[in-house]
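Enquirer: Before we start, here is the structure in question, set down as structure tokens.
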Amino acid sequence: FSCRTNDQLVAFLSRYRDMNFLKSHGRDNARFIRKQGLDRLFLECDTHMWRLGDRRIPEGIAVDGGSDWFLLNRKFVEYVTFSNDDLVTKMKRFYSYTLLPAESFFHTVLENSPYCDSMVDNNLRITNWNRKLGCKCQYKHIVDWCGCSPNDFKPADFHRFQQTARPTFFARKFEAVVNQEIIGQLDYYLYGNYPSGTPGLRSYWENVYDEPDGVHTLSDVALTMYHAFSRLGLRRAETSFHAAGDNSCRYYPMGHPISVHLYFLADRFQGFLIRHHATNLAVSKLETLETWVMPKKVFKIASPPSDFGRLQFSEIGTEWDAKERLFRNFGGLLGPTDEPVGMQKWGKGPNVTVTVIWVDPVNVIAATYDILIESSAEFTHYKPPLNLPLRPGVWTIKILHHWVQVAETKFLVTPLTFSNRQPIKQEEAMKYHSGPPKNAYMEQSFQGLNPVLNIPISAARVDQAKRNAGLVGARLEAWVDSLVSSIWSAVDICSTGPTACPVMQGCAQTAWSSLSPDPKSELGPVKPDGRLR
């Protein structure tokens, strides 16, 4: 992201057009080689970077490296691209089997080439390093190595763009799903404010699915939930807009969703926007609608509240990002074969131990464990090793201090209406929807805790769960819809084009739709001064 104007960048690079701007790691070469794994052989295969063994660093070469964000001049780029001399040829071969070649190849070639005097040890960037959070080996599932990744900038970091001792023109990282406010602050700092009344300034939409992607790119969990969200929207249209004896706002769902967006307002997740087709029952014509669904508040402090005040929030999800401290699976869409993580956010206070209890939809206690919360702890997270599949339905997580309930939260494990993107068959439904083998989520049974915690197991609920496990077709959809509506609500629905429903709003006229105005994100022709607006 640029933290200076285009004019400033052009003036600076014009003045220093013969220089190359790269940031070096520092002075300890041996440590850098070990940390980067340059003395190891790596090969990418099947979307995984495999470490194959040790290797020697070429002799007679000064190995250097650092950031893979740099500015290179034309002469050096042409040399690296077209030269057949020994240095370039050998370095290309050596770095073909390197974990992060861009973090060292250009530095090394430049420092050993005739262009070495053109190197400036500054890549003109500010990087938001927080190694305590960013060096957690969070990419072990795709690479046989541990590294570090910078954090996203937040509003509290804004002063760093104004107080730089060296020339800087770019900054990283920024992510609107993590924090959009800082992007707006920087935009205002560089280019001034938007006109009063400009829409969409605090909104952010991120597309996560579009029809051309193909339905095969969606998981069965996502496809199940997106269909349920669409039906939730159609029910809202019927209950909110429908008049007795009039079918003009009643619809029948048709086909798979067309697009799905995440929607944020003022840096808070507001839910999903599902664009979908539906047949209007009054005129038997296909219309295209967009439904906004929002998660209900499921975290509750015990009533009356205990004297234990450190717990601020708890949430269950998957794809926990320990660096940015959020779930990347926004909305927490979970199915029977997912492995959920329990997260708690804490305020400062004395060291304490809390007990966390996971209760499945028929009141089987699936897991219980203690967490020591140190006085300085802000977040804790843990993934209990539960046997799969998880029983579908609404789960409850109870958090206790000295065996007194402090708070609870809930999460939905949705039954699947699809398997491999096809309507699920009864045999597969029974397999995924019956809970774990022998009703045991772990080797240890926690059944003795049920009476202690006053969580009775109801025979009627167990029998109903067994009957639900075999549901398919419309009855399965009805079960899914009843569960989804207990955790999600359809806030609004709009039409993307002509509609027979006279009171339904056009999507472009709403403030929330993915089709509503968003001037801050519009791209037009570049103006003579290099600006887009």
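Enquirer: Output the residues belonging to region 72-103 that are closer than 25 Å to Arg172 by Cβ, in contact with a strand residue (DSSP E or B) (Cβ under 8 Å, 6 or more places away or on another chain) and part of a loop (DSSP other than H, G, I, E, B).
Expert: Hits for region 72-103 are Leu72, Asn73, Thr98, Leu99.
Enquirer: Does Val208 satisfy the criteria of being open to solvent by less than 10 Å² (accessible area, probe 1.4 Å) and part of a strand (DSSP E or B)?
Expert: no
Enquirer: Taking the condition of being modelled with pLDDT under 95, out of contact with any strand residue (DSSP E or B) (no Cβ under 8 Å at 6 or more places or on another chain) and farther than 18 Å from Ser24 by Cβ, how many residues in region 104-130 meet it?
Expert: 1
Enquirer: Among the residues of region 285-321, write down those that are of a type in the set (Gly, Ala, Ser), surrounded by 14 or more Cβ atoms within 10 Å (Cβ to Cβ) and touching a Gly at 6+ places or on another chain (Cβ under 9 Å).
Expert: Result: Ser314, Gly317.
Enquirer: In addition: Taking the criterion of being closer than 30 Å to Gly309 by Cα and of a type in the set (S, T, N, Q), would at least one residue in region 423-432 satisfy it?
Expert: no
Enquirer: Is it true that some residue in region 309-318 is in contact with a Lys or Arg (Cβ under 9 Å, 6 or more places away or on another chain) and β-branched (Val, Ile, Thr)?
Expert: Yes, region 309-318 contains at least one residue that is in contact with a Lys or Arg (Cβ under 9 Å, 6 or more places away or on another chain) and β-branched (Val, Ile, Thr).
Enquirer: Looking at the structure I just gave you, is Phe153 surrounded by 12 or more Cβ atoms within 10 Å (Cβ to Cβ), touching a helix residue (DSSP H, G or I) at 6+ places or on another chain (Cβ under 7 Å), of a type outside the set (D, E, K, R) and not in a loop (DSSP other than H, G, I, E, B)?
Expert: Criteria not met by Phe153.
This table checks each residue for (1) open to solvent by 60 Å² or more (accessible area, probe 1.4 Å); (2) outside the structural domain of Pro150 (by the TED database); (3) more than 16 Å from Trp69 (Cα to Cα); (4) over 24 Å from the mean Cα position of the chain (by Cα).
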position	(1), (2), (3), (4)
Tyr97	yes, no, yes, yes
Pro101	no, no, no, yes
His107	no, no, no, yes
Glu111	yes, no, yes, yes
Asp117	yes, no, yes, yes
Leu124	no, no, no, yes
Lys132	yes, no, yes, no
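Enquirer: A follow-up question, please. Do you know which residues across region 215-241 are of a type in the set (Gly, Ala, Ser) and open to solvent by less than 20 Å² (accessible area, probe 1.4 Å)?
Expert: Ala222, Ala228, Ser230, Gly233, Ala237
Enquirer: Sticking with this structure for a sec: Restricting attention to region 32-86, report how many residues are aromatic (Phe, Trp, Tyr), more than 37 Å from the chain's Cα centre (by Cα) and either surrounded by 14 or more Cβ atoms within 10 Å (Cβ to Cβ) or farther than 15 Å from Tyr115 by Cβ (or both).
Expert: 2
Enquirer: Report the residue count in region 44-71 for those that are part of a loop (DSSP other than H, G, I, E, B) and closer than 24 Å to Asp28 by Cα.
Expert: Count: 15.
Enquirer: Of the conditions (1) surrounded by 18 or more Cβ atoms within 10 Å (Cβ to Cβ); (2) under 20 Å from the mean Cα position of the chain (by Cα); (3) in contact (Cβ under 8 Å) with a residue 40 or more places away in the chain, Met343 clears all except one; give me its number.
Expert: So the condition that Met343 fails would be (3).
Enquirer: I'd like to know if region 222-230 contains one or more residues that are in the same structural domain as Ile493 (by the TED database), more than 17 Å from the chain's Cα centre (by Cα) and closer than 17 Å to Gln505 by Cβ.
Expert: no
Enquirer: In region 8-31, how many residues are open to solvent by less than 90 Å² (accessible area, probe 1.4 Å), without any contact (Cβ under 8 Å) to a residue 40 or more places away in the chain and charged (D, E, K, R)?
Expert: 1
Enquirer: Exactly one of (1) touching a Pro at 6+ places or on another chain (Cβ under 8 Å); (2) crowded, with 16+ Cβ neighbours inside 10 Å; (3) in a loop (DSSP other than H, G, I, E, B) is unmet by Ser513. Its number?
Expert: Single failed check for Ser513: (1).
Enquirer: Another question, then. Take Arg202 and tell me if it is under 25 Å from the mean Cα position of the chain (by Cα) and within 30 Å of Leu13 (Cα to Cα).
Expert: Against the criterion (under 25 Å from the mean Cα position of the chain (by Cα) and within 30 Å of Leu13 (Cα to Cα)), Arg202 does not qualify.
The values are calculated or read from the model by the stated rules, or taken from the named source; none is laboratory data. Just so it is clear, the model here is predicted, and its values are computed rather than measured. With ideal geometry, Cβ positions are generated from the backbone for all residues, glycine too; neighbour counts draw on all protein chains shown. Accessible surface areas use protein heavy atoms only, side chains included; no ligands, DNA or RNA. Shrake-Rupley method; radii C 1.70, N 1.55, O 1.52, S 1.80 Å.
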